[in-house]
Structures are given as C-alpha cells and as structure tokens.
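Asker: Questions regarding the structure given below will be posed in turn.
The values are calculated or read from the model by the stated rules, or taken from the named source; none is laboratory data. Because the structure is a prediction, the values reported are computed rather than measured. Every residue, glycine among them, receives a Cβ derived from its backbone with ideal geometry; neighbour counts consider all protein chains shown.
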Amino acid sequence: MSPEDKVIYLDAAKNAVRGAISGAYDQLRQLAMKRLAALFSNMLDHADDALFERAEKAETNQEQSSYFSAMRLVRLRRRELEEGFQRELMAGFRALTSSTEARRVVRETRLDESDLSLVDNEALEQSIAIDSMTAKARARNALALSHLTMRLDHLLPQREVNEHNNPLDPRQVTRAFAAAADVLELEIAPRLVIFKLFDKFVMSQLGGLYDEANRTLIELGILPTLKGTVGGRRSEAAPSAGAPQAQAEAASVVADPSAGDGAAVVQMLHQLLANQKYGGTPPPPQWTGVGYAPTAGYGAGASPATVADVVAALSALQRDDSGPALGEADFKALLGRIMVRQAGQPKALARGEDDTIDIVGMLFEAILNDPRLPASIKALIGRLQIPVLKVALLDHSFFASARHPARQLINEMAHASLGWVEPADVSRDPLYRQIETIVERVLSDFDQDIGLFQELLLDFQRFLEEERERVRLIEERTRQAAEGKAKVDDAKARVDAEIRRRTAGRVLPPVVRTLLDEAWSKVLFINYLKEGEEGESWRRQLNVVDRLLWSVEPKASVLERKQLLAEIPALLQDLRAGLNAILFNPFEMTKLFKALEKEHIRCLAASGSAAAAERNDQPSEPEETAYPPAEASSPLAVAEPPAAAASAAPPFDAAAPAEAAGEEIDEELDQALQTLREVPIGTWFEFSLVSGGTMRAKLSARLAGGQRLIFVNRAGFKMADKTLLDTARALREGKAQILDDNLLFDKALETVICNLRDLRAGQ
C-alpha cells in the first residue's frame, strides 16, 4: 500500500472527495482497459492474414519461413500477448497513483551519432516504428489527448500528469505493446508487420477512446468546461472571486461536451495568439454566448461590436467577395467602416472577434500555401474565407470537431482535387464546375444557417460517389489490361531466358536457331501463359527443346546414332503437334522440317565417318549410352551436355529483388523500396517530368510480385508503368514524391497551432 493510500482524512468532507476521485479514476481505468483489450484482440484476429500475405510475397525461402514461424508463435502465445499488454497498461495506471513511480517513465529522447553506435539496427527500426506510431496518434488526437491529460492532472492532485506518465498517452500505449510483444522473439521483418497492425487496429482508434474517456470524466464533474490553459499544471473549474462578470457568467454556463471542447479549442488558439499579438498579456475574456467582452483600453471610444454586428458586416462583404483577404492589413478597417454604416455609430472589435479573424486568416494562408492544391481549386476555396469566418464566429465546434460540415466540405473538395489536372478550359471540367457551384451557393445563400454546409456536403459526396463509380470501372479495365500485359511480358521473358539457358555456348545450325526463335518460342509462350511453370505441357515442350538440341550434335558412337534414328520420328511428331497447336504456317513448317532433316543426315554422316576412323585406331570396347532416351521418367528426360550445363544461366525469376539488377542498394534506396512496398494502393504520387513539368498519378496496382507499379490518372486511365526499383530511385533523387493524404483543413489547423507555439517558444 502506498503512503497516499494509508492517509486517513479526519474530515468527512475530505474523505468523501477522496472517495469520489478514486471512484472516477477506477471508472476511467476500467473503461480504458476494456476498450484497449478489445482493440488489441481485434488486431490479433487479423495477424494471421497479414503474415500469410507477406509469406506469399516473400522473395526467399528463409523470409517465407520467418513469416510462417511468426504466424505459429502469435497463435501459440496469443493469450500471453493479451495478458502482457493488459499487465503493462495496468502498471501505468498504478504508477500514476503510487508515491514512488515504480514503472519507468518514458521520456522523449533524440539519439545523437554516439548513441546510434550503441543501438543495433533491429532495435533502431523498432524504435523508429514506435516513434512513428506515437507521433501520428498524437497529431490526430492532440486536442482530446490534451483535455484528458488536464482532467487526469486535476483528478490526481498528488501527481503532475503529463505526456510522460499519462497511462493513455500514445507513447505509453506503444511501449506497453512493445514490452508485451517481446514474448514472441520475432525476427525484425515479421515484428514490424505486427507493429504496423497495432498501428492500424489500435493506435488509429485511440481517438474514440479519448472521446469516451473525456465524456466519462465530464459526466463525473471533472473539468466539464475546461477553463484553464491547455497544457498547464492546473485547470481551474471556476473563476476567482475577482474575475470579470463575463467570466463568471461563462463559468455558470453548462454546455454539452462538444460545445465545451469547441470553446476550449478557441481558448487555446486565443491564448497562443495572445503571446504573439499582445506580448504575453492575459488572454481575452471567456466566451459569453454572444461574443467576447471587450478589454479595457481596447477599442476605447467606440461601443463594442457583438458577434451579430460582425456577422452582419461580413455578410455584406460576402456578397461582394472582391475585397481584401482576411490576412490583409486593411480588411479590419473595411469591416469597421461597414459596421459604422450599418449601426450608425463606431463599433470596435472585441479582442475575441479580432483574434478569430486572425486565426481564420492564418488557416486560409496555410490552406492556400498547400502545394497539393491546384491553383484553380485554390482560387475557388480562397473565396470561402468570409463564410468560414462567419462559421467560426457562430459555431465553436468548427474548430474542435473534425465532423463539422464546413470542415468536411473543404476537406472533401481538396481531396477530390488531389489528382486533378487543370484542363485548357476549366469551365468544362465536371469537378471544377461542381466546386464552383458549391462556392457560389455558399456566397449567395449562407447567412447564419450552418445547415447549408451539410446540404452542400451531401450533394458533393453524391457527386463524388457517382464519379468514383465511373472511374472504378475504367480503372478496373486498366488494371486488367496491365495485369494481362504483365503476364505476357513475364511469359516472353521466361521463354527467352529458358532458350538462352539451353543454347548458351552452343554453335547451332541456322535451321535450329530459326525453329527455336521464330516457331517453338511461340509454343512455349502459349503453354506458359496457360499453365505457368508448373504445367505439364510447359515442361514437356521444354523437353522437346532439349531433344532437338541433342539431335543436331555429333554422335560419338554407333549406339548414339541408333538412338538418334529412333528418336527422330518421335521428335518430328512432337514438333509438328506443337506447331499445329499454335496454327503455325504449314508451308513454313514443311520448309523447316526439310532443312532439319538435312541437318540430321549431315550429323549422322559426320558422326559415322568420325566413328569409323576411331574404330580403325582403337580396340573394340563396349559402347555406353551417352544420352538418356526420351522415354525416361523425368519430364526433362534428356540431360544437357556438360559444356552447355556449365554455361547455363540461373533460372529466371520474374519477381527477383532489386539487387538482381546489379545496383548496390544503399540505405536511402532501401528505405525508398520499403516505403513503396508498404504504401497503400490508391496513394497519389507526383513525378517530375523531363520537360520540366510534373505529373500526378495514383498507384493502382502492384504486379510481378510487387516489382511493377501501375499508375493511373484521376479518370482511371494508365499514366505510367514503372518498375519498383526505378520508382524508388525517383523517390531517392527527389524526382518523385508521395503526396500527403492528410485532411486539408486539419493539416492547416495543425500548422497554425505549431506556428503559434513556435512563436511563443521563441519569445
């Protein structure tokens, strides 16, 4: 029992408070353990399929065996994994309420060059995977995680709660998993597959857990309105006795969780902005429901403008969107003049509305600087600045909720244009026309009814769904055509490789070379396409090649000549059957067979003369069969002569790794290859063209064991067919880049927050 647990409060009220705190913490812990256990179990349910898929694509037997072994270990030790994960999580919760932090505290560290020498490559790869998962989860859930940390900090007065000891922080969750996964003792490749599954099925779902945890604590009365500083030591639940009346009124308002979160986001943004604009003066007063109360000395001599005043002025500007942008210096002056005209007296922006204008202006600056957006689409979205500002003033959930219809609409329009290429006449382009129609509707119809954005969002989503269906059919045909071409190319390469392997080092008569290159290669090609390398027909036709090559070689003995005489009819019969099957020209076939007959006669005659001379010079000895008969049990019954076998190339492998190309794979190129192997189908790329321009294309398919990548345009038509190695080189050299698929508005909001924090840190 910890010292804290041994304390007995004599004051009944204190005991009651302590009991309520303990109950709230226990409830949170039970909720978290239940949700995370369910997510973890779901991840393990998918482990078999993921590892089996990797095993199928493995390039070596050793690699394949590694994945199959991992499958077996996960099955055998699943219970240990689940128990270990829960045990590590529980240790985090216990450590937070213990007087001595028994569990290690994980700090964010950066390895320098000296550190790297002490860390093996596998440990480094795992560390990078953990860092990546943690960073993504924190970025996705920054606000909800901040609120949860603040509420835990308030709930546990004996301990400062931060990202380093919050048991539900992404870092702690990933470390708990990594510790539990040690029981598997996997090689690094399957281990990283398991880590990726954890990222997909657990880390990506943390947002739901954080939301539920926050709602639970709000319902228990733990900082229901979050009036304090985000990231600070304590968040006061109520204003002090000396607080302004506006703050007191705000504290008395009980909002629903979403509204409270929205107010908190606005609060955080204003606090960050205050450091940059006002030199770190206290943040603006709290939201009153109709606007922020003006601060003394701000806007002196003029009556404070309400939110309604500002929205009315913005509506006038909205109908004529030719005025200055939000970030321009004369925008607020113009807004002030409009309010004077409308109200008949000077109106001063309260600090809150003033800051909101700046925040939305910074958001659009980030949006319009995003390189993913085509210029024409940027111009359209840029016209929405004033309507979006009105939304931000009217509805706090705009900043907090990723599901806000105005935000979703902007995100959908941006994502739809990711692979859009501006045509010569944009007015005839369906996507451009649709976005333009939406923008015009917003500018003409939006007053204060935010439901308009929901209506437009649904319309746009229907448009996109219809478009996706059309594109899907075209893309499917493109993919099928590419797959067919890949099979054809693979078959041709395999046939060429097999013929080269068998003829290497041999001087062949012209008729045999013609027969192989112009006729029998087609027979092999058809059979390989139909059955693949394991097909009986393919192996039988390769056997014909071996028999044909043997038939035109000099025969050293009488027995060999007899064997040739016996073999020729069967050989010709098999050649004729194969050529007839591919409808080879009968006239050309007859010419080839006559020429081959002459070659056989020449071979027999030459062999006979040589054998007669040899018999006159040497004593008679039993003759041995130098070549096995065609009727041998093996499908490739005829063995190659030693010289030919020695010069043979290794078997052809269409899915050979990049190293087979003869290029040394450095660290950067290897990383690019790994990235390309893992990037999902549907990812957009931007390629630099020799002409100096760029081309955007979507990854549509992986072929030839992942060694060929098919890229299509937004309409589903093929744009490029590239090898994995060539694409990796382009990534390494900066001639190709993977386009960030993050939501446009969310990324812009993160950019604004990061920039404001950087400015604060630099002061």
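Asker: Out of all the residues in the range 718-740, which are polar (S, T, N, Q) and crowded, with 16+ Cβ neighbours inside 10 Å?
Answerer: Once the filter is applied, which keeps residues that are polar (S, T, N, Q) and crowded, with 16+ Cβ neighbours inside 10 Å, the range 718-740 yields only 727.
Asker: Could I ask something else about it? Looking at 426, 439, which is the one that is at pLDDT 90 or above, of a type outside the set (Phe, Trp, Tyr) and out of contact with any strand residue (DSSP E or B) (no Cβ under 6 Å at 6 or more places or on another chain)? Before the answer, list the steps.
Answerer: On the way: 426 fails: at pLDDT 90 or above.
The conditions single out 439.
Asker: For the range 57-86, what are the residues that are at pLDDT 90 or above and of a type in the set (S, T, N, Q)?
Answerer: 86 - this is the single residue of the range 57-86 that is at pLDDT 90 or above and of a type in the set (S, T, N, Q).
Asker: List pairs: first in the range 480-496 and under 17 Å from residue 721 (Cα atoms), second assigned to a helix (DSSP H, G or I), Cβ under 7 Å, 6+ apart or cross-chain?
Answerer: Close Cβ pairs (under 7 Å, with a partner that is assigned to a helix (DSSP H, G or I)) amount to 487/529.
Asker: Within the range 432-471, restricting attention to residues that are touching a residue at least 40 places away in the same chain (Cβ under 8 Å) and closer than 17 Å to residue 378 by Cβ, which residue is surrounded by the fewest Cβ atoms within 10 Å (Cβ to Cβ)?
Answerer: 443
Asker: Can you give me the ranges of the strands (runs of 3 or more DSSP E) entirely in the range 656-740 with at least 1 residues that are among the aromatic types (Phe, Trp, Tyr) and either outside the structural domain of residue 369 (by TED's automatic domain parsing) or under 29 Å from residue 494 (Cα atoms) (or both)?
Answerer: 684-688, 708-712
Asker: For residues in the range 483-517 being in a helix (DSSP H, G or I) and over 46 Å from the mean Cα position of the chain (by Cα), which is surrounded by the fewest Cβ atoms within 10 Å (Cβ to Cβ)?
Answerer: Top of the filtered list is 510.
Asker: What number of residues in the range 373-427 are more than 15 Å from residue 440 (Cβ to Cβ) and in a loop (DSSP other than H, G, I, E, B)?
Answerer: Number satisfying all stated conditions: 17.
Asker: Just to be sure, is residue 368 under 20 Å from residue 753 (Cβ atoms) and free of Cβ contacts under 8 Å to residues at least 60 places away in the same chain? Walk me through it before giving the result.
Answerer: Values: under 20 Å from residue 753 (Cβ atoms): yes; free of Cβ contacts under 8 Å to residues at least 60 places away in the same chain: yes.
Taking the combined requirement at face value, the residue satisfies it.
Asker: Mind checking which residues of the range 292-351 are assigned to a helix (DSSP H, G or I), farther than 23 Å from residue 384 by Cβ and either polar (S, T, N, Q) or at pLDDT below 85 (or both)?
Answerer: Correct list: 343, 351.
Asker: Still on this structure: State whether one or more residues within the range 107-125 are modelled with pLDDT of 80 or more and part of a helix (DSSP H, G or I).
Answerer: No: the range 107-125 contains no residue that is modelled with pLDDT of 80 or more and part of a helix (DSSP H, G or I).
Asker: Separate question: For the range 153-170, enumerate the residues that are modelled with pLDDT of 90 or more and assigned to a helix (DSSP H, G or I). Reasoning before the result, please.
Answerer: Initially, the range 153-170 is screened for residues modelled with pLDDT of 90 or more, giving 166-170.
Hit for the range 153-170 is 170, nothing else.
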